[in-house]
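These notes concern the structure reproduced below.
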Amino acid sequence: MTRPAPILGVYLSETLDLKEIYGQALDADDVLILQPEQVTDPEAVKFAVCWAPGAQDFAAYPNLALAMSVGAGVDALLAHPGLTDEVTIARVRDPHQAALMAGYAAHEVLHYEREFDGLMQNAKDAIWRPLPMHAPERSVVAVLGNGTMGQAVIEALKVLGFTIHVACRSKPDAPIGDVTYFTGDAANKDAAKGADYLINVLPLTNTTENVLNSELFAGLNTGARLIQIGRGEHLVESDLLKALETGQLAGATLDVFRTEPLPRDHPFWSDKRLRITPHIASDSMPEIVTEQVVETARALRDGTPLRLAVARSQGY
Ligand code: GLV
């Protein structure tokens, strides 16, 4: 008996070699994913596995029914002019990724809170000088976003004893004890008011673009810190520089940028008040990505519900 042809997909990314990263973990006879240059029959391609696809990347595949992001964010796909509404957009949901995100956020908060820069400088100069401490609950952490990533961040910081404000779309069904949730149009502003740390884990949508701006920073405690692990487009870069100049912000940790890689001549690189990392706050695990891509490709082939599809109207 001849086996049916596998459902065919293509890797599309301008910045990453997705086959190199995920190809190894792919172990399914009925799902085949090729590099664009390996595709001989573009009409047979039914789905794309994507990270930052190029502007023309989808044009060659007239029968594409699904574009799946290997990451949690689907902003690049939702905004892509080459994807019509008929193409379903899906994303990976990896619980390990949320744990990584929480670890990154907690690391940065603790770095500032426990003054590790000062301690390391003292150590370099062989100076034994303990620093003053205060109870973690005296520090307010504002978290923007209460999705899979936001919840993991909130739980981690809660365990560490911080006072937590959360800005979210709607009050959660299972709120975490002692956490204060803010909803409505002013949720971000209300959550940020009087906070010492501002952590952004929002998805990028039309309504969340540019939310990290002067007006929001003004409500924070003087000398607060920003931890930006959402998307570059959330941040008004000139407003960050202004807030650093006035001292409203004492520093910021930036993992995501409007242009990635961050251009070599960007002023952020040389600013000592910034801690910069190359979009590594979290990542989805190759084995989870491949498992979920295979699950989604099979559901597409079988016409069964796509568990990992995103709601276009919601933007995530
Ligand atoms: C990372 O930024 C992701 O979207 O998974």
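Read-outs throughout are calculated quantities, based only on the coordinates presented, and are distinct from any laboratory measurement. As the structure is a computational prediction, the values presented were derived from the model and not from experiment. Cβ placement follows ideal geometry from the backbone for every residue including glycine, while neighbour counts extend to all protein chains displayed.
Observations, loosely collected:
- The long axis of helix 286-302 is offset from the longest Cα principal axis of the chain by roughly 40 degrees.
- Rounded to the nearest 10 degrees, the angle from helix 237-246 to the longest Cα principal axis of the chain is 10 degrees.
- Proximal aspartates and glutamates to K272, defined as alpha-carbon separation beneath 13 angstrom and excluding residues fewer than eight positions away on the same chain: D117, E245
- In degrees, nearest ten, helix 95-113 long axis to first principal axis of the chain (Cα): 20
- Cross-link partners of K19 among aspartates and glutamates, defined as those whose alpha carbon lies under 18 angstrom from its own and excluding same-chain residues fewer than eight positions apart: D27, D29, D30, E37, D57, D283, E287, E291, E295.
- Stretch in the chain that is longest and holds no trypsin sites (Lys or Arg not before Pro) that DSSP places in a loop and that have at most 10 other beta carbons within 10 Å: 1-263
- Dimensionless Rg over Rh [the stretch 208-274; C-alpha; Kirkwood]: 0.93
- log10 of Debye I(q)/I(0), alpha-carbon scatterers only, for the stretch 1-63 at 0.18, 0.20 Å⁻¹: -0.64, -0.78
- Magnitude of the charge dipole for the stretch 222-316, about its Cα centre and with charges confined to Cβ atoms of Lys, Arg (+1) and Asp, Glu (-1), is about 160 debye.
- Working note: 222 nm ellipticity from helices only, DSSP H runs with n ≥ 4, each -39,500 (n - 2.57), summed and divided by the residues of the chain, gives -8000 deg cm²/dmol to the nearest 500.
- Overall Cα dimensions of the chain, principal axis frame, Å, largest first: 76, 44, 33
- Whole-number percent relative contact order across the chain, with pairs defined as alpha carbons under 8 Å at least 6 apart: 17
- Dipole magnitude (debye, nearest 20) for the stretch 137-244, charges at Cβ of Lys, Arg, Asp, Glu: 120
- For a straight C-alpha distance cut-off of 28 angstrom, the lysines reachable from K171 (same-chain residues fewer than eight places away being disregarded) are K158, K189, K193.
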